[in-house]
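As C-alpha cells, the structure follows; a few thoughts come after it.
A short reminder: the numbers here are calculations on the coordinates, not readings from a lab. Keep in mind that what you see is a predicted model, and the values were worked out from it rather than measured. Positions of Cβ are backbone-derived with ideal geometry, glycine not excepted, and every protein chain shown enters the neighbour counts.
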Amino acid sequence: MSGYGELLRTRGVARIIAAQLTARFPSGMLSLAYLLHIEGVFDSYGAAGLVLGATSVGQAIAGPLTSRWMGVWGMRPVIALTIAVCASSMAAIAFLPLELWAYMVVGFVGGLAYPPIQSAVRTIYPKMVNSRQLTPLFSIDASAQEIIWIAGPVITTVVATQVSTVAAIVLAGAFLLGGGVWFLASPELGRVRIPRSTRSLGTVLRRPPVLLSTVVGFLLVGSCAAIEASVVATFGEEGAEAGVILAIWAVGSLVGGLALGHVPIGPWALARRMTVVFVGAAAAMLFLDFWGLAITLLIAGAGIAPALTVMSAIVSSSVRFSDTAEAYGWVGTGQLIGAALGSAAAGFLIDGFGATGGFATGAAFALVGMLTAVAFVRAHPDLRGRDAGPIPDTEPVSLPVS
C-alpha cells in the first residue's frame, strides 16, 4: 500500500482521479434512474427498456468517435460540448412530458454525447507518472471505479423512492456537471495535447492488443451484466440481500485490483484473471443462497478490476499516443455492447430457467473470454520490465541544408 500512497502523492494524480470519478458517477446512476422514471411515466418496463437501449446504442456509437475528436479539436472543447448536450438530454427526460419515441430520440442523443472522460484520463495518465508507476495507476483507476457501481445504484434507489425519480436524474446531472467542470479545470488537460491521428477511424483495431481488449472486455462486462441480473432475480427487486451481494462483489473487485496492481503483466495475465472470473461465476450457479453467492461472487469479483487493468495497460503500450483515446473508445464501446447483450441474454434464460440460467449466461461469457485470452495469447504483449506507456508519435522534420 505504500506504493499506492507514493503514487497518490504524485502531483495531480489524486485530484484527477477524484475529478474523473465524480464526472463519471452518472454511469452508475443513470440506467436505474431512467428505468424507474420511464416505467413510472408509461407503467411499462418494456418502454423503459427501449429508452435505455436507445441510450446505450448512442453511447456505443459515440465511444471511438468523440474520443478521436479530442485529437482534432482538443480535450477541453470536446468534453465541454458533450457535457452540455448530455446534461440537456437528461434534463429533457426528467422534466418534459414526451411520447415514447421522443424519449428514445432524446436518450439516443444523450448517449451520443456522453463525455469521453474515461478515454481522456487514460490518455493523460502516461504523461503524469513514470513507467514504473503506470500499471499501478491503471489498477487504482480500475479499482476505484467500483465505487461508482457500489454507491451509484444505492443513491439512485434511495433518492428515487424517497424523493422522486426526477430528483434522481437531476442528481446524476449534478454529478456530471460538477465533476465535469472539476475535470475540465485540471491543469493536465492543458498540458497534454493529443496529436491528430493520420489514420482512418477504426484502423487502430488492427492492433492485436486493442482488438483483444475490446473482445475480452465485451465478454467480461457481458458476464458482469448477466450476473447482476441474476442476483436481482434471486432475491427480488426489493430484497436488501441483492444490494449487499452486489456490494460484496464490487468490493472483491476493488481488493483484487489493489492487490495485483504491482504484479508485472506477462503474456498470460489476462487469461489468468479471466479464469478467476469464470471460476467464481460458474460456482455461483451451484450456490444460490446468500452466503454461497457472497463467497463465489467475491471470488469472481477478484478478477474483474485486475482484468480491466491489464486491458488498459496492453492498449496503452501498443498504440501511438495519437491513437490512444480512440483505442480506449473502442474498448468502451465493446463493454457497452457486452452489457446490453449480457443483460438481454440473461433475461431470456432467467425467464426460462430461473436465476440459475442467468448465472449460466454469466459463466458462459466469462468462459469464452478466458478461452479467447488463451487462444490469442500471442497478441498479448509481455510488459514485464517494459514501459506500459504509448508509442511516441513521430513525423518528418525539415532541416536546413547548407
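Taking 1.306 mPa s as the viscosity and 10 °C as the temperature, the Stokes-Einstein diffusion coefficient of the range 1-141 based on its alpha-carbon Kirkwood radius rounds to 96 µm²/s. Full extension of the chain between Ala80 and Ala185 yields a length gain of 36.7 nm, computed as 0.36 nm times the residue separation minus the alpha carbon distance.
Just checking my list (i) 110, 44, 42; (ii) 79, 46, 38; (iii) 89, 60, 44 against Cα extents along the principal axes in Å computed from this structure; which label fits? Given (i) 110, 44, 42; (ii) 79, 46, 38; (iii) 89, 60, 44, the calculated one carries the label (ii). Going by Cα centres, the range 354-368 and the range 50-117 are how many Å apart? First find each Cα centre; the distance between them is then 31 Å. Taking Lys and Arg as +1 and Asp and Glu as -1, the other residues whose beta-carbon sits under 15 Å from that of Arg11 total +2. From helices alone, the chain scores -24500 deg cm²/dmol at 222 nm; the rule is -39500 (n - 2.57) for each run of n ≥ 4 DSSP H residues, then divide by the residue total.
Evaluate Rg over Rh across the range 204-390, taking Cα atoms for both radii and Kirkwood's formula for Rh. Walk me through the numbers before you get to the answer.
Values: Rg = 16.3 Å, Rh = 16.4 Å.
Dividing the radius of gyration by the Kirkwood radius yields 1.00.
Under 5 Å from the amide H of Arg320 lie the amide H atoms of Ile391, each residue being 5 or more positions distant or on a separate chain, with H modelled from the backbone and absent for Pro and chain starts.
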